[in-house]
1. Which one of these is in contact with a Pro (Cβ under 7 Å, 6 or more places away or on another chain), surrounded by fewer than 19 Cβ atoms within 10 Å (Cβ to Cβ) and either under 30 Å from LEU445 (Cα atoms) or modelled with pLDDT under 95 (or both): GLN314, GLN281?
2. Considering only residues that are open to solvent by less than 50 Å² (accessible area, probe 1.4 Å), at pLDDT below 95 and of a type in the set (S, T, N, Q), which ones fall in region 143-180?
3. For the structure I just gave you, tell me whether ALA458 is farther than 19 Å from THR543 by Cα, within 16 Å of the ligand (Cβ to nearest atom), open to solvent by less than 10 Å² (accessible area, probe 1.4 Å) and of a type in the set (A, V, I, L, M).
4. Among the residues of region 205-238, count how many are under 21 Å from HIS520 (Cβ atoms), in a loop (DSSP other than H, G, I, E, B) and open to solvent by less than 50 Å² (accessible area, probe 1.4 Å).
5. With region 266-331 as the region, which strands (runs of 3 or more DSSP E) entirely inside it contain at least 2 residues that are under 16 Å from ALA197 (Cα atoms), over 24 Å from the mean Cα position of the chain (by Cα) and among the aliphatic types (A, V, I, L, M)?
6. Considering each residue of region 52-110, count those that are in a loop (DSSP other than H, G, I, E, B) and modelled with pLDDT of 95 or more, and give that number.
7. Would you check if GLY446 is farther than 30 Å from GLU138 by Cα, open to solvent by less than 10 Å² (accessible area, probe 1.4 Å) and within 13 Å of the ligand (Cβ to nearest atom)?
8. In region 358-398, how many are within 16 Å of the ligand (Cβ to nearest atom) and on the phi > 0 side of the Ramachandran plot?
Amino acid sequence: MPKCKDAQLARMPSGAKFMNAPSLFSTFPRGIARIVLATMVVVPSVAQGQVEAPPKPDGSKPTLASIGPMPTARATITAADLKTHAMTLASDEYEGRLTGTAGQLKAAEYFRKHFESLGLEPWGDTVGGKRGYEQTYEVRATGLVPEQTGIFDAAGKRICEYGAWFVNTRKKQEVKVQGRLVWCGSTNPREMALQGAIAVCVMPESDREPRSTMAAFGEGFRLMAEVRAIAKNADAGGARGCILVSKELSVSFLSAANMSTSYPGKPQIARGRGRPMFGDQVPKVPTVAVDGKDAAALLKVLGIDGLSDWSDEQLVGKKSKAQVRIKAKPYSEDLDAKNIVAVLEGRDPKLKNELVVFSCHMDHLGLTANGGVFNGADDNASGSSTVLEIAEAFSKLEGDARPRRSIMFLAVSGEELGLWGSEHFASHPTWPIDKIVADINMDMLGRSTDKVPSDSVALTPTFRNKDYSTLARRAAELGASFDLKMTNGDKFYQRSDHWNFAKEGIPVVFFCDDEHADYHMPSDTPEKLEYDKIERIARLAFTIGYEVANDDARPKQIGKQEDWFSEGH
Ligand SMILES: [Zn+2]
């Protein structure tokens, strides 16, 4: 689920009670506060996570067909296959799949190959008169050239491999400073004589265990602000540069740095040929935060053993014999981000012109500042594996078992950056938008919290939502047959790709879980996913899609209702 842009903010219900909480703006730089607010709003009218959709009032569980081509196809959706897909897409090889970068293009190729191997028709852009699986849209990457960015010794040999960089990437000229290192420890560098030197300071540590996603983000930005303050003091002390060392950079800090800075391997991505959202809130002196092996290597130049007590006052003022160079080379590059689009044509001569869409986003946050990866297993390798498996199941249906309406499998990018890929699809549809009868969207399916336990899935729109539809109602009805209770997911109604379909008046149903402790953290890794749960959700989604593709009538929005099962009009 994304961080997002002003446009989305404008659409938020005016009732959101957070908007005027001053403390929020004091915690986050204004730009960030907007994003964090965007990810947090929509005041649910009932506590999120209350398990609600018991079996039908009469307690009956809809009986599922168990014999025949459809159930046979459905049974091919397995936890084992879902795991294979998720473990692959969430592996380090895919580099956290940041939109437009090599990792995301690798994921796009994974989808394309899979859809092609299933014999599904390409339904992306037409290039040179030939339609392909890819639909592209423009983005611009602004970042730091890895080979020309780093901390080097005077001979040009690299001392540190990674780091969180605080340099202005909007300016094109190379940043280069050189000087002897001076150990400041936790002393305020403003009080030290640092003319012509590079200050080395202890990185501020997290002093609290964030209890929620919001708190984790807040803590990350608090640490970012502290880094800028220390660098400002180093500048006041006359330093040419500032390096902060940590035993291990906190995940809160890494998450905040990922959201608002560029570092080698992780550029900032802007829509179209735009400028990065952040980039000039940087200190006057080039500043880098490093940890682990990199911190130890740097301290070695200062003659300080990495394991020694960094609070030892005796060490303050210690100078390196050798000169050290901080270099950073900003760049910007125009790229094409990709959506992957495939279709299984319907068998009914008339209804095949109508389409049911299964969608997911394949992108995530990319690399961390200390050489790790935001693997994005739950967000959203889980939903991606579901669309891959559902596509395979549908490709097994032949002859009369083939659905009457056509089915599209849409894997988008740009979701984490503001639902860009699905917005591009909705504004440049490769299928007449008025012929799209439903969107079934999957994003974060593999984890459980006390609010969304293992026997439940969050669903939106619920019956409290003006866009409640016969599609969502059918999901609530069928849930019990897959041992799934529904929880109120309305908090997420504007926060994933179905939203760009809903805005077109298309009935949607969105399945997700919750903002668990690993949400948007490097710790969102595939071994933590509940593949049995994903299997049940995937089979439920497949079944709903199959029914909608065969029903005489199109699904429709029925507006707010008394409960899940009200007939509605
Ligand atoms: Zn997501």
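The values are calculated or read from the model by the stated rules, or taken from the named source; none is laboratory data. As the structure is a prediction and not an experimental result, all values here were calculated from the model. Please note: Cβ atoms are built from the backbone with ideal geometry, for glycine as well, and neighbour counts cover all protein chains shown. Please note that ligands, DNA and RNA were not included when accessible areas were found on the heavy atoms of the full protein model with its side chains. Shrake-Rupley method; radii C 1.70, N 1.55, O 1.52, S 1.80 Å.
1. GLN281
2. Correct list: ASN168, THR169.
3. So ALA458 fails the test.
4. Total meeting the criteria: 2.
5. The qualifying strands (runs of 3 or more DSSP E) are 319-328.
6. Residues flagged as in a loop (DSSP other than H, G, I, E, B) and modelled with pLDDT of 95 or more within region 52-110 amount to 9.
7. It is true that GLY446 is farther than 30 Å from GLU138 by Cα, open to solvent by less than 10 Å² (accessible area, probe 1.4 Å) and within 13 Å of the ligand (Cβ to nearest atom).
8. 2
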